[in-house]
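See structure below.
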Amino acid sequence: MKVIHLNKNESELIKKAINSNREAQHVLYEKYASKMLSVCRYYISDIQKAEEAMLNGFFKVFKNLKQFKNEGSFEGWIRRIMVRESISYIRQEKHIEFPTEVVEPNKGYNDTVNSQIEVAHLQQLIDALPEGYKMVFVMYAIEGYKHAEIATLLDISEGTSKSQLYKARQILQQQIKTLNHSNYGTN
Amino acid sequence: MAPTKFEDQMRNTLEKRTIAPSPEAWSKLEYRLNDNNTKKGSKLYWWIGIAASVLIIITISINSFSSSEKEVELPLVIEAEPEVLEELNKKTPVQNNKAVEVVSKNPSQQRPVDQETAREKVNNEQLRTPMNQSVVQKTTKSTVESNKNTILESTLSLIKDKVSELTVKVDIEDTASIIEEINNKSAVPTDKEIDSLLKAAQKELLIDKTFKESTRTVNANSLLKDVEEELEQSFRSKVLEALVSGYETVKTAVANRNN
């Protein structure tokens, strides 16, 4: 009952927001802004630039709110807009390269998981990746996009997307090893 | 390559994170949204303004085009004195279909000259209704005077032509009779005879003049006076020419007889 009540409230808020009701828009903003800023922060290392990308995303959300047809999750719809806005923001800032490399499918990487790594460290690991690798890795591993969708959004081939992910994983693995050794010494 | 466990853990950890935006973030967004609304409104007004200006241009062009057509299509000219018309029609047994109705009297009595052509272009029924006449007068007021002048000139020339035709006919008849007399008499015309002929011609002109004076109006008088002056000159020259040619024929006839 609560979920239905909440959804009913949200759909009413969305209707009001479509009619440029500033209060309804503010409520929706307050509800999703923190989460969306975190999403933008995956892609953009600087927090102020990430906030700017987030505001750009919300501007497009309220401008195109009529196009949301209540078919899926409203949060998921906003999130997709935020991801696209973050990518375009990075592209405006700098030229992103996606160097292609042949992927050796049998060559996996040692999946040593350390559950003690904190969120801040994880973000630092992601920030350390080159832009091209980072974008593909975040979209695939964190956001859950498929290689075909990544290729469309970034205007690259699926092969390039796969190679970028492989390279990103290699670098991350190396960094995690380094982190483990520095924290716990050699095993 | 499916996401690894490490990546799953990463995702779960990062998904729980939230980052609070700065306090002024909403005010920035609100300002942009308000600015966008005003731009939309101004855009709408801009388009309305463009549409209105286009409509105005179209109406002005239609009005100017129609008024120019009216000016071209209404060769308004003037009704004549019926008496003058009758005289002219008597002496000119030629076609009267052309615009011979002349002499402006009262501008309110105007009507199109060539009715057939006017009907093709303008509906006469519309013209003859009082409302339409007033409209026509208003619209063509500026062109009426210029039209009057042109029509006066044309009618003058027509009058001159027809009167000259008349006089030429008369003169030809008279001179033919004179030549016959000369040929019959077989004598050289004397100066006295020439003078008498000239006097006779002048008498005829005076008679025509008085007759015309009794019936014509003020405006017609001036027209006819001009015509008469021209007639005198042309008549004299024609009589002289006829006499000279008659003299030549008589001379040759006499010369041949002697031979």
Listed pairs A:K69/A:K146; A:K66/B:K5; A:K134/B:K43 exceeding 31 Å between Cα atoms: A:K66/B:K5; A:K134/B:K43
Heavy atoms of A:R80: accessible area, 1.4 Å probe, square angstrom to 10: 110
Residue-span extension gain [A:H121 to A:K66] - 0.36 nm each, minus C-alpha spacing: 15.9 nm
For B:T38, solvent-accessible area (1.4 Å; no DNA, RNA or ligand), Å²: 90
Accessible area of B:K251 in the full protein assembly, 1.4 Å probe (Å², nearest 10): 110
Accessible-area ranking of A:I156, B:I48, A:I171, largest first, probe 1.4 Å: B:I48, A:I171, A:I156
Accessible surface ranking that places the most exposed of A:Y89, A:Y43, B:Y31 first, with a 1.4 angstrom probe: B:Y31, A:Y89, A:Y43
Average partner coverage of A:57-63, which counts Cβ from other chains inside 10 Å: 3
Partner chain coverage, peptide B:30-38 - average Cβ within 10 angstrom: 3
Counted charge near A:D127, where neighbours are those whose Cβ lies closer than 12 Å (Asp, Glu -1; Lys, Arg +1): 0
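The values are calculated or read from the model by the stated rules, or taken from the named source; none is laboratory data. On a predicted model such as this, the values are computed, not experimentally measured, just so you know. Positions of Cβ are generated from backbone atoms using ideal geometry, with glycine treated the same way; all protein chains shown enter the neighbour counts. Areas reflect the complete protein model, heavy atoms only, side chains present, ligands, DNA and RNA absent. Shrake-Rupley method; radii C 1.70, N 1.55, O 1.52, S 1.80 Å.
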